[in-house]
1. Name the residues in segment B:68-84 that are surrounded by fewer than 14 Cβ atoms within 10 Å (Cβ to Cβ) and free of Cβ contacts under 8 Å to residues at least 60 places away in the same chain, would you?
2. Taking the condition among the aliphatic types (A, V, I, L, M) and touching a Cys at 6+ places or on another chain (Cβ under 8 Å), does B:ILE77 pass?
3. Would you point out the residue of segment A:67-87, among those that are touching an Asp or Glu at 6+ places or on another chain (Cβ under 9 Å) and either within 9 Å of chain B (Cβ to nearest Cβ) or more than 20 Å from A:PRO39 (Cα to Cα) (or both), that is surrounded by the fewest Cβ atoms within 10 Å (Cβ to Cβ)?
4. Go through (1) part of a strand (DSSP E or B); (2) within 20 Å of A:VAL88 (Cβ to Cβ) one by one and return the number of the condition B:VAL110 breaks.
5. Take the residues of segment A:1-20 that are among the charged types (D, E, K, R) and within 11 Å of chain B (Cβ to nearest Cβ): which is nearest to A:THR86 (Cα to Cα)?
6. Across segment A:60-112, which residue is nearest to B:ARG93 (Cα to Cα) among those that are at pLDDT 95 or above and acidic (Asp, Glu)?
7. Quick one: in segment B:31-41, which of the residues that are at pLDDT below 95 and not in a strand (DSSP E or B) is surrounded by the most Cβ atoms within 10 Å (Cβ to Cβ)?
8. Which condition number does B:ILE18 fail, the rest of (1) in contact with a His (Cβ under 7 Å, 6 or more places away or on another chain); (2) buried (at least 17 other Cβ atoms within 10 Å of the Cβ) being met?
Amino acid sequence: DAGITQSPRHKVTETGTPVTLRCHQTENHRYMYWYRQDPGHGLRLIHYSYGVKDTDKGEVSDGYSVSRSKTEDFLLTLESATSSQTSVYFCAISGQGSDEQYFGPGTRLTVT
Amino acid sequence: QQQVKQSPQSLIVQKGGISIINCAYENTAFDYFPWYQQFPGKGPALLIAIRPDVSEKKEGRFTISFNKSAKQFSLHIMDSQPGDSATYFCAVRAGANSKLTFGKGITLSVRP
């Protein structure tokens with residue numbers, strides 16, 4: 001998985017609780033992305049980062065925030081989890097000027 | 001508005017046959033067209049990709065055919081094997097390090 005780890009790999013949480021997912025890379029790549037994958041929707045971009053402390057919204061950013069204080073770590077926070085945020089979350093990385101995006105192993109999140 | 005549409009929605013092929021998956025897009029600004037392969041419980045992995053300055057790219061049993069005028073590209077898997085059974089996503093992108101927009105994915109099953 002191209003030097004990308006995600007934690008936790010599985011999580012069950014209750015509606016209304018905050019949740020933070022972590023993506024860690026060892027490739028020193030500048031660009032990092034958070035996607036969610038849902039049946040019938042493919043992969044949809046939540047937020048992305050183009051450098052430390054530089055982030056921007058994707059197409060499904062409502063209810064999510066991100067932070068990147070170090071090159072290697074990109075955090076995704078669900079401020080108050082809802083059942084509609086039950087999904088599989090993938091982190092991806094990409095080098096400067098590179099075409100390829102490499103994906104992590106994913107985090108399966110269930111909100112009850 | 002769905003920017004990229006995959007067809008068919010699912011595909012069953014006999015071992016040794018040819019699998020063909022199609023992808024149609026709207027925006028002529030897209031400049032990078034990858035196919036990703038995903039096995040259950042894993043993250044998507046880049047399989048093969050093409051830029052619009054060529055009409056075909058082959059890597060082993062996998063070929064991308066690109067039709068710029070029709071705004072379509074397709075993935076051909078020759079001599080399909082049961083190990084090719086997976087979900088396949090096409091994606092499009094406009095500019096290096098910009099976001100990928102994915103199709104909804106299709107499930108390929110290769111029967112022994």
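The values are calculated or read from the model by the stated rules, or taken from the named source; none is laboratory data. Fair warning: this is a prediction, and the values are worked out from it, not measured in the lab. A quick note on method: Cβ atoms are made from the backbone with ideal geometry, for glycine too, and the neighbour counts reach across all protein chains shown.
1. Residues satisfying the conditions are B:LYS68, B:SER69, B:ALA70, B:GLY83.
2. No; evaluated as a whole, the condition is false for this residue.
3. A:SER67
4. Condition (2) is where B:VAL110 drops out.
5. Filtering segment A:1-20 for residues that are among the charged types (D, E, K, R) and within 11 Å of chain B (Cβ to nearest Cβ), the one nearest to A:THR86 (Cα to Cα) comes out as A:ARG9.
6. Within segment A:60-112, the match that is nearest to B:ARG93 (Cα to Cα) is A:ASP62.
7. The selected residue is B:ASP31.
8. Just one mismatch for B:ILE18, condition (2).
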